[in-house]
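K.L.:
Please find one structure pasted underneath; my questions will follow.
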Amino acid sequence: MTVSASGPIDLTNKVAIVTGASRGIGQATCVALAREGAHIGVCDILPSPETVKKIRSMGQEVLEIQCDIRRKASIQSAVDQIIDSYGRIDILVNNAGILGDSSKQFEEYSEDEWDFLLQTNLRGVFLMTQAVWPYLKKQDGGKVICVGSIAGRIGGLLAGPHYCASKGGIHAFVKWAAKKGASLGIYVNGIAPGPIVTPMTTNEPYKDDMVPLGRLGQPEDIAEVVVFLASQASNFITGNIIDVNGGILMV
Ligand code: NDP
């Protein structure tokens, strides 16, 4: 199939699922997508009352779903709830992730830590995308956006080995899925954020002067790139990882 040329950002009545939506980058992403007119399935392992309140106060529809991306049954239930409510899915934002311990010596990392983190960050992205894929296919396309990391590009600023490997894996998965999806109208892209001020990084020693633009990133810095990738403004971009890091990494 041939997809249409790029156009202005307009997500009116598009249906989006965002994982890890209760706070941080996920919450800002939900708010930005809702502002552009999308209906949002707000998914997180815990309830997301703050995100739901923010979206409702904008007069936009929202469905709150508790979903653990480590569990296939939980993911399927989330997708079923979206389909029951809206009948379609246009946008998937694979945002949920964990940082894990970044302070250890190499020898101290255990198999269990490695498995738990990879199961969340990498397998979760695979399972979510796989669950949504049949609907995107049936609808002649859609947009998948995966949140990777600068850690997956350069082996981490401060992150541990499991985190870096999970994010590098996401970047590779994005390209694989983009190739599979291209002839179906399914776009798959990633974003590689640099240090962003969220609950995940509260205890990390990031400083403004690490960043050429002179400040750490805010969740909105990522959310607005998600909006671009979720919209028809990016209709000639697939299989790409967009670096959003204030100039820390220039490639
Ligand atoms: P936060 O920790 O603030 O938010 C992550 C969200 O994911 C939380 O709401 C968390 O839920 C949720 N979550 C964790 N595990 C699961 C699970 N198994 N199923 C469903 N939801 C889950 O992180 P950020 O907003 O900072 O990060 C968002 C994404 O951006 C992550 O993928 C992260 O790796 C990536 N990123 C972040 C950077 C940063 O500097 N902040 C830099 C580069 C990438 P709960 O509230 O219950 O913990």
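Read the figures in this text as sums done on the coordinates, not as results from a lab. Note that the structure is predicted; figures quoted are calculated from it, not measured. Heads up, the Cβs are rebuilt from the backbone with ideal geometry, glycines too, and the neighbour counts pull from every protein chain shown.
K.L.:
Hey, can you rank 69-78, 49-58 by average C-beta count inside 10 Å, highest first?
P.N.:
69-78, 49-58
K.L.:
So if I take the centroid of the Cα atoms in region 15-68 and the same for region 139-212, what is the distance between those two points in Å?
P.N.:
20
K.L.:
Run the simple label-point estimate for Lys72 and Ala182 please: 7 Å along Cα→C-beta, distance reported in nm.
P.N.:
2.9
K.L.:
Let me ask something else about it. Taking amide hydrogens as modeled 1.01 Å from N in the peptide plane, which residues meet the under 5 Å criterion relative to Leu63, leaving out close sequence neighbours?
P.N.:
Ile40, Gly41, Val42
K.L.:
With θ taken as phi - 60° and the coefficients 6.51, -1.76 and 1.60, list the Karplus ³J(HN,Hα) couplings across region 47-63 in order, rounded to whole Hz; mark glycine and proline as x.
P.N.:
Rounded to whole hertz, the list is x, 10, x, 5, 5, 4, 4, 4, 5, 4, 5, 8, x, 9, 6, 8, 10.
K.L.:
Something else: In whole percent, what relative contact order does region 171-251 give with Cα contacts below 8 Å and a gap of six or more residues?
P.N.:
Details: 105 pairs, mean separation 35.4, N = 81.
Computed value for region 171-251: 44 percent relative contact order.
K.L.:
Can you give the net charge of the other residues whose Cβ lies under 9 Å from the Cβ of Asp90, counting K and R as +1 and D and E as -1? Walk me through the numbers before you get to the answer.
P.N.:
Numbers: positive: Lys14, Arg88, Lys143; negative: none.
Net of charged neighbours comes to +3.
K.L.:
Separate question: Local charge sum around Asp101 (other residues, Cβ-Cβ under 10 Å, Lys/Arg +1, Asp/Glu -1)?
P.N.:
On the way: positive: Lys104; negative: Glu108, Glu113.
Here the charged neighbours net out to -1.
K.L.:
Below 8 Å, C-alpha to C-alpha, sequence gap of six or more: please give me the relative contact order for region 1-149 in percent.
P.N.:
23
K.L.:
Enumerate cysteines in the chain without a disulfide-compatible partner, where compatibility requires another Cys Cβ under 4.7 angstrom.
P.N.:
Cysteines lacking a close Cβ partner in the chain: Cys30, Cys146, Cys164.
K.L.:
Now for a different question. Compare Ile196, Ile91, Ile145 in a GNM of the chain, Cα atoms joined below 10 Å, and give the one with the largest fluctuation.
P.N.:
Per the Cα network of the chain with a 10 Å cutoff, Ile196 tops the list.
K.L.:
Moving on. Let me make sure I get this right: for region 143-235, a, b and c are the square roots of the gyration tensor eigenvalues over alpha carbons, sorted descending. Under 1.5 in a/c it's rounded, otherwise prolate if a/b > b/c, else oblate. Which is it?
P.N.:
Here region 143-235 falls in the oblate category.
K.L.:
So what's the angle, to the nearest 10 degrees on a 0 to 90 scale, between helix 24-35 and the longest Cα principal axis of the chain?
P.N.:
Helix 24-35 sits roughly 20 degrees off the main axis of the chain.
K.L.:
Relative to the longest principal axis of the chain, what angle (0 to 90°, nearest 10) does the C-alpha long axis of helix 72-86 take?
P.N.:
So the inclination is approximately 40 degrees.
K.L.:
With +1 on the Cβ of every Lys and Arg and -1 on the Cβ of every Asp and Glu, and nothing else charged, how large is the dipole of region 140-251 about its Cα centre, in debye rounded to the nearest 20?
P.N.:
440
K.L.:
Related question: Taking only the C-alpha atoms, wrap a convex hull around the chain and report its volume per residue in Å³ as a whole number.
P.N.:
Spelled out: Cα convex hull of the chain, divided by residues, is 120 Å³.
K.L.:
Additional query: Assigning unit charges at the beta carbon (Lys, Arg +1; Asp, Glu -1) and nothing else, what dipole magnitude in debye, to the nearest 20, does the chain show about its Cα centre?
P.N.:
Numbers: 22 positive and 25 negative charges, 147 e Å.
For this selection, approximately 700 debye.
K.L.:
Between Glu64, Glu220, Glu204, which gets the highest mean-square fluctuation from a Gaussian network model of the chain, Cα cutoff 10 Å?
P.N.:
Glu204
K.L.:
Quick check: residue separation of Ala5 and Asp101 times 0.36 nm, minus the Cα distance between them. What number comes out in nm? Walk me through the numbers before you get to the answer.
P.N.:
Details: separation 96, 0.36 × 96 = 34.56 nm, distance 4.38 nm.
Net length gain for the segment: 30.2 nm.
K.L.:
Additional query: Given an 8 Å cut-off on Cα distances and at least 6 residues of separation, report the relative contact order of the chain as a percent.
P.N.:
23
K.L.:
Can you tell me the 0 to 90 degree angle between the C-alpha axis of helix 219-230 and the longest principal axis of the chain, rounded to 10?
P.N.:
For helix 219-230, the angle is close to 40 degrees.
K.L.:
Follow-up question, since we're still on this one. Full extension from Ile83 to Leu249: what is 0.36 nm times the residue separation minus their Cα-Cα distance, to one decimal in nm?
P.N.:
Details: separation 166, 0.36 × 166 = 59.76 nm, distance 3.93 nm.
Roughly 55.8 nm would be gained on extension.
K.L.:
Further, regarding this structure: Count the lysine pairs in the chain whose Cα atoms sit under 18 Å apart, keeping only pairs 8 or more residues apart in sequence or on different chains.
P.N.:
12
K.L.:
Here's another thing I want to ask about it. Tell me whether region 115-167 comes out rounded, prolate or oblate; compute the Cα gyration tensor, take square roots of the eigenvalues as a ≥ b ≥ c, and use a/c under 1.5 as the rounded threshold.
P.N.:
In terms of gyration-tensor shape, oblate.
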